[in-house]
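Notes follow once the structure below has been shown.
Please treat every number below as a calculation from the coordinates, not as lab data. Please read these numbers as outputs of a predicted model, since none were measured by experiment. Cβ sites come from the backbone with ideal geometry, for glycine too, and all protein chains shown count toward neighbours.
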């Protein structure tokens, strides 16, 4: 065993102690585990071996949000008693800016990690908001490792909300909306201090048409805040800024967990989960939660009376930048990035068919060298738009997307996934949730990693078909935990039922090794207030399959994808002829498609009419005659030269306008 002593020096040159908020993570590169959140100044007893060290600390700054720093020793070969000192004065400042001056808001993330195997990594993430916080990162001079990786990620946009104290000199205050929507525009309300917002606190306080500052404990529940805001409204207040005063143990840092030695992992989050309140609990007035070093200054300005604020609320952001700067081996010496639009991929994000009650939320992850980077790594997505488009700019490379649904119903579902390769200077358009939604096989499953959606390994046939993939091919599966998604999946072998499961698109069967003819059937009904299209999806496939040695191989299932020219409400013109482009492909690769038949229904699948189909080699045009109003349901039959077939039916595929 060897002694490893861990020391750190903050940005002011002062040694960190066990009582400071400076910690280490010690990761064994030889499979010996990991020590989390070890306070600086600690001496560990460790076996001889190779280790990666990451240390982080917060350095207070008078009148400003604290400076944050993270440093790494990528690979320490521990053979004898050793002391490692991380001097954060050697770290470089992490920032990013673009050639659009008004883009000053957003969130950033620094990540440091090591690869321990093909699919195994250990990492530390440090979020920050560069408008208010300084972030520094670096490696110990003269050190590097092939296993080490680094990423600086930035989601930049024009701030949706700016809040300033106006006296004696304007100062910015970090704020996030937690209540009723703020009216778009600029205003300069007078300030009033409402204490804890109780009747006795508000008695005698002039607050009509004012922004009222409330000071509440850091662990205040959303229900309590909603009650206090109602009281403010009854006394004539127009808006509320709530300061959830942090506990004394963290007042000099940021609103974190509160224990000495806590890492920076939540530094950019509000100090309480007020933003997660249910609709019924949201404050009835426009309300913001204020945090950071200037929150106390803002509250003091309201307390002394006579102060004013400046509030700027902007509409939904239409331009955003998703930037990622990865590195391997060690952290680059230069971490301040200035980027031009011409160096990025321009992506038009189109959001089809969503509603204000169930809006989308987008998560974007940069995939590089087997590592996943991006501000969405913390699980917090970016609000999407409702039936609208937004221009976004991306660092060139491969990006994985997850578009989720923010629903007020107990069951959610509605997730869509995709992957795109972007090139610098190129333009792209990504349509999300666009009709027609149905079975699709783009990409592969995440779990098990890189497995086909429907595959066979040895004698196991594993089915996980995305029955709700959108018209662009973004894959969406039924939510097996949501009561709104119901259905079944069955497998027939040589004409006889082999097995069935009461889950839509999902089943596992253990079949005999001998090759045989199979028929796979599945159906799903979606009964959700946010899902008015593709409310019933049914499909069947015929194919042959036998024992497969080694990794899972994709089954030869055919996919029929419709891509009609619908608007952002997923509607097409009624009362006129309409052509729907259709492609037929196969999950396991190229195939010779021998034919396609399509029927249309305008009464929800009660009666069907054959449509004229033209085209060949998997690309077809389907000619329809739309009635004036209603919806269109579609049914297709396709086959290939190997004898594989499919029949698919989609009820309420798109609507008519």
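Each Cα pair under 8 Å and six or more residues apart adds its sequence gap; the mean of these over the residue count of segment 1-152 is a relative contact order of 25 percent.
Segment 112-136 and segment 298-365 have Cα centres spaced 19 Å apart. Per residue, the convex hull spanned by the alpha carbons of segment 454-656 comes to 121 Å³. With an a/c value of 1.5 or above and a/b not larger than b/c for the gyration tensor axes a ≥ b ≥ c computed over the alpha-carbon atoms, the chain is described as oblate. Give the shape of segment 1-152 as rounded, prolate or oblate, defined through the alpha-carbon gyration tensor: a ≥ b ≥ c are the square roots of its eigenvalues, a/c under 1.5 means rounded, and otherwise the shape is prolate if a/b is larger than b/c and oblate if not. Here segment 1-152 falls in the oblate category.
Here the extension length gained between residue 450 and residue 208 equals 81.1 nm, from 0.36 nm per residue of separation less the Cα-Cα distance.
Listed from fewest to most Cβ neighbours within 10 Å, the set 54, 176 follows the order 176, 54. From least to most packed, judged by other beta carbons within 10 angstrom and beginning with the fewest, 156, 161, 225 follow the order 161, 156, 225.
Remark: spin-label model distance residue 419-residue 224 equals 4.7 nm, labels positioned 7 Å along the Cα→Cβ axis. Between the C-alpha center of segment 478-498 and that of segment 510-554 there is a gap of 8 Å.
What shape does segment 119-219 have by the C-alpha gyration tensor, where a ≥ b ≥ c are the square roots of the eigenvalues, rounded means a/c under 1.5, and otherwise prolate means a/b greater than b/c and oblate the rest?
Since a/c reaches 1.5 and a/b is larger than b/c, the shape of segment 119-219 is classed as prolate.
Remark: spin-label model distance residue 480-residue 617 equals 4.0 nm, labels positioned 7 Å along the Cα→Cβ axis. Full extension of the segment from residue 508 to residue 579, taken as 0.36 nm per residue of separation minus the current Cα-Cα distance, would add 21.7 nm. Within the chain, DSSP assigns beta bridges of which about 80% are antiparallel (rounded to the nearest 5). Comparing Cα centroids, segment 145-211 and segment 43-63 end up 34 angstrom apart.
In this simple spin-label approximation, residue 592 and residue 143 carry label points 7 Å from Cα along the Cα→Cβ vector, and these lie 6.2 nm apart.
Based on other C-beta atoms within 10 Å, arrange 366, 80 from fewest to most.
80, 366
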